[in-house]
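Please treat every number below as a calculation from the coordinates, not as lab data. What you are looking at is a predicted structure, and each value in this text was computed from that prediction instead of being measured. Neighbour counts run over all protein chains shown; Cβ positions are idealised from the backbone, glycine included.
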Amino acid sequence: MALQRTFSIVKPNAVADNNIGAIYHRFETAGLKIIASKMLHLSKEQAEGFYAEHKGRPFFAPLVEFMTSGPLMVQVLEGEDAVSRNREIMGATNPADALAGTLRADYATEMRENAVHGSDAPESAAREIAYFFSDDEICPRTR
Ligand code: RTP
Ligand code: MG
């Protein structure tokens, strides 16, 4: 498997709980390198645009409210098989179903406030990275 990039969010509940560093540490120990990172407080429009695929679902409005409730961290992760590797360490969407040792088992409080986002395919990763980062904000490692 070649080097791949994925897009990740440390969601507002995990930032509020002071778990940015703990979550970044998990990425690094899993072999995922952080090649871009910033803190943002999303506007309603930014959150609605990001989650456009879920527009019309009953959880859309509360999801947008949650994602705009406080600052979050957006990052680009790079590594072997990064998209599925990141989904693996995140765990299931509902923390009640997340395997022990996954980020959501440890840092999510409920289905909505589930601590992290990770792209679900290489195509969505490319779209999501471009949604939040310009090319000059991404810093591939030289060593
Ligand atoms: P994400 O996109 O955030 O990485 O999460 P995911 O792929 O595991 O889950 P997805 O189906 O894409 O849902 C996006 C986010 O919406 C919230 N959600 N709430 N029934 C509900 O109340 C419900 N379902 C989903 C979660 O925050 C989920 O991560
Ligand atoms: Mg998703």
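Hey, got a sec? Which trypsin sites (Lys or Arg not before Pro) in the range 38-134 land in a DSSP loop and have at most 11 other Cβ atoms within 10 Å?
For trypsin sites (Lys or Arg not before Pro) across the range 38-134 that sit outside H, G, I, E and B with at most 11 neighbouring Cβ atoms in 10 Å, the list reads Lys55.
Assign unit charges at the C-beta atoms only (+1 for Lys and Arg, -1 for Asp and Glu), then state the dipole size of the chain relative to its Cα centre in Debye, rounded to the nearest 20.
120 debye
With unit charges on the beta carbon (Lys/Arg positive, Asp/Glu negative), name the residue among Ala121, Ser69, Ile89 whose Cα is farthest towards the positive pole of the charge dipole of the chain.
The one lying farthest along the dipole's positive direction is Ile89.
Taking the radius of gyration and the Kirkwood hydrodynamic radius from Cα positions alone, what is the Rg/Rh ratio for the range 97-143, to two decimal places?
Using only Cα positions, Rg/Rh for the range 97-143 is 1.11.
Does the range 38-143 come out rounded, prolate or oblate by the C-alpha gyration tensor, with a ≥ b ≥ c the root eigenvalues, rounded set by a/c under 1.5 and, if not, prolate when a/b is larger than b/c and oblate if not?
It is oblate, given that a/c is not under 1.5 and a/b is not larger than b/c.
Give the residue list of chymotrypsin sites (Phe, Trp or Tyr not before Pro) in the range 29-87 that are DSSP loop and have at most 13 other beta-carbon atoms within 10 angstrom.
Phe59
Once you have a ≥ b ≥ c as the square roots of the Cα gyration tensor eigenvalues for the range 61-101, tell me rounded if a/c is under 1.5, and otherwise prolate or oblate according to whether a/b is larger than b/c.
Since a/c reaches 1.5 but b/c is at least a/b, the shape of the range 61-101 is classed as oblate.
Assign one of three labels to the range 2-93, namely rounded, prolate or oblate, based on the Cα gyration tensor with a ≥ b ≥ c the square roots of its eigenvalues; rounded applies when a/c is under 1.5, prolate when it is not and a/b is larger than b/c, and oblate otherwise. Working shown, then result.
Working: a/c = 2.01, a/b = 1.54, b/c = 1.31.
Since a/c reaches 1.5 and a/b is larger than b/c, the shape of the range 2-93 is classed as prolate.
Taking the Cα centre of the range 26-83 as origin, work out the dipole magnitude from +1 charges on Lys and Arg Cβ and -1 charges on Asp and Glu Cβ, in debye rounded to 20.
Its charge dipole is roughly 180 debye.
Can you show me the helix-derived [θ] at 222 nm for the chain, built from DSSP H runs with n ≥ 4 at -39,500 (n - 2.57) apiece and divided by the number of residues, rounded to the nearest 500.
Computed mean residue ellipticity for the chain: -10000 deg cm²/dmol.
Calculate the length of the line joining the C-alpha centroid of the range 113-143 to that of the range 1-74, in whole Å.
10 Å
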